[in-house]
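Coordinate-derived values only; no laboratory data. Worth saying up front: this structure is predicted, and the values here are computed from it rather than measured. Neighbour counts are summed over all protein chains in view; Cβ atoms, including those assigned to glycine, are modelled from backbone coordinates with ideal geometry.
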Amino acid sequence: MKIGIIGGSGLYKIENIEIIEEINLITPYGSPSDSYLHARYKNFEIYFLPRHGRKHSFLPHEVNYKANIYGFKLLDIERIIGISAVGGITKKPGDLVLTSDFIDLSGRINTFYNDKVVHIDVSEPFCPILREAILESSKNLNIEIYEFGVYAQMQGPRLETPAEIRMLKILGADVVGMTLVSEAILSRELEICYAGINVVTNYAAGIKEKKLTTTEVIENMNRNLEKVKKILFNAIEKIPTQRNCPCSVALKETGM
């Protein structure tokens, strides 16, 4: 089984697995953020991509999301787990949140089908099978993760204002970020399963009287990496070989 992993701020590589090769791809949508690191974990093939590049070269609005996701498609990957650093609105730094829904206020056009009429259903925005595997793993490992969480995607690269965070809280958002929703939508359009594990690295603007810094994000991400990796690799072992989820037939009756 092949599993794709997209790493966010502070997660640029994965240790303790057998590295096989680095794969450089050019897609019809341009170059991905970096090469795909092909590795082996037990009987699983892992393909890791640093979302912003290994040197954090791309800001959230500069990431070529289409190329990143299409690259996984070219590698015949049907399941992706995204790891993201987020600001906490109803959650506190150090919390892990398994995304269950999203609000997209980024203004990005997240579609591969500009020349076709395709309406993708996102009533269940994240793969239920991947979510179940992650939840089961967190319980087995006794690592707390919130089962439900609404991710609000903003454009960036600036952080949000206190007024924007108050608005997002009224709308029902639990965490805020700039990347995960674009990946989830584009994955669904290619019938790839996608689930997101969010690490709350800081309080969102206005929640606490404190300046938000990138240093804080990286430091808090690093503090929680081991927990995330344990859940991640335990979850990979629980993913069924056969796909029986809505993601696998996402293009059915969409207008194509």
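Side notes on the structure shown:
- A simple count of charges around ALA250, restricted to other residues whose Cβ falls under 9 Å of its Cβ and scoring Lys, Arg +1 and Asp, Glu -1, yields -1.
- Note on ILE19 and ASN244: the extension gain reaches 78.0 nm, defined as 0.36 nm multiplied by sequence separation minus the Cα-Cα distance.
- Each Lys or Arg adds one and each Asp or Glu takes one away; over the other residues whose Cβ falls under 10 Å from the Cβ of SER138, this sums to 0.
- Taking ILE19, ILE207 and counting other C-beta atoms within 10 Å, the order from fewest to most: ILE19, ILE207
- Radius 14 Å from Cβ of ALA195, net charge of other residues (Lys, Arg +1; Asp, Glu -1): -2
- For the chain, the spread of Cα positions along each principal axis, largest first, Å: 47, 44, 33
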